[in-house]
Amino acid sequence: VLAAIVVAIILLLSFAPDAAAASAPAAEQYELEVLAGQKKELPIYSVDRNDKKIALTIDAAWEDDKPPFILETLEKYNVKATFFLCGFWAEKYPDEVKQIHDAGHELGNHTATHPHMNQLSVAEIKKELNKFDDMIERITGKRTTAFRAPYGEYNDTVITTVRDMGYEVYQWDIDTIDWKEERSAQTIPDTILPRLLHDSCINLCHNNGFKIKEYLPTLIETAQSQGYEFVTVSELRLSGDTIIDVNGVQKTA
């Protein structure tokens, strides 16, 4: 019995180094995967600058009854905005697309069909963006350079693929939540305006937002009275060597 125990101990000692060596790469790979998960690719939520410039963005995917009012209001206050359009909306309302473009506003890519981007392959992501821009180019003669993911959903694959295609990806840091019918016209400015006290924010509105006819003039007038200037997201974005921090703020590197 004693001899058997000694043999077993010798065998364990002889195999232990090999076992440790075999498990080390797996452990290191696991750590790398964990660390990679801690650093996510992020879109631009806001921009670190101190010149009182802010961006008004309008997502358009449904209906077309309010764009004429929106365009008239933006012209009245000399405001340039970024319209993130969906392909099926642009296809249905090409005249409105051209009016937005001809008025000097920036057009952004909001995909062709408004899918859940996290569920798409790289090839499918590229197809969504290219199909949209092919359509926009036929209407305006130009392609877009700004992108916003439908539903605000994204992952590393979405961000890296879209940026590799030459777009910058924009989110928002102030949401009007104007798609909620129960929000009153005054509730929206009351919740947004106090947060405009920092430069370089990106506001999210919708072309069919409930009460947008009531809140948009108030939002613009109040912001301008406080010295803020509305610009497109591409004008808000910093150029040169920059980083995007963990909060999605673009900064000079």
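What single numbered condition from (1) assigned to a loop (DSSP other than H, G, I, E, B); (2) modelled with pLDDT of 90 or more; (3) of a type in the set (G, A, S); (4) under 16 Å from K80 (Cβ atoms) fails to hold for G227?
Single failed check for G227: (4).
Considering only residues that are part of a helix (DSSP H, G or I) and touching a residue at least 60 places away in the same chain (Cβ under 8 Å), which ones fall in segment 180-209?
Of everything in segment 180-209, just one residue is part of a helix (DSSP H, G or I) and touching a residue at least 60 places away in the same chain (Cβ under 8 Å), namely L196.
I'd like to verify a number: residues in segment 230-253 that are of a type in the set (A, V, I, L, M), assigned to a loop (DSSP other than H, G, I, E, B) and out of contact with any Leu (no Cβ under 8 Å at 6 or more places or on another chain), how many?
Step one: list which residues in segment 230-253 are of a type in the set (A, V, I, L, M), which gives 231, 233, 236, 238, 243-244, 246, 249, 253.
Checking which are assigned to a loop (DSSP other than H, G, I, E, B) leaves us with 238, 246, 253.
Applying the additional criterion that residues be out of contact with any Leu (no Cβ under 8 Å at 6 or more places or on another chain) yields 238, 253.
Counting residues in segment 230-253 that are of a type in the set (A, V, I, L, M), assigned to a loop (DSSP other than H, G, I, E, B) and out of contact with any Leu (no Cβ under 8 Å at 6 or more places or on another chain) gives 2.
Of the conditions (1) without any contact (Cβ under 8 Å) to a residue 60 or more places away in the chain; (2) surrounded by 21 or more Cβ atoms within 10 Å (Cβ to Cβ); (3) under 23 Å from E214 (Cα atoms), A81 fails just one. Which one is it?
Among (1) without any contact (Cβ under 8 Å) to a residue 60 or more places away in the chain; (2) surrounded by 21 or more Cβ atoms within 10 Å (Cβ to Cβ); (3) under 23 Å from E214 (Cα atoms), the lone unmet condition for A81 is (1).
The values are calculated or read from the model by the stated rules, or taken from the named source; none is laboratory data. Please read all numbers here as calculations on a predicted model, not as lab measurements. As a convention, Cβ positions derive from the backbone with ideal geometry for all residues, glycine included, and neighbour counts pool all protein chains shown.
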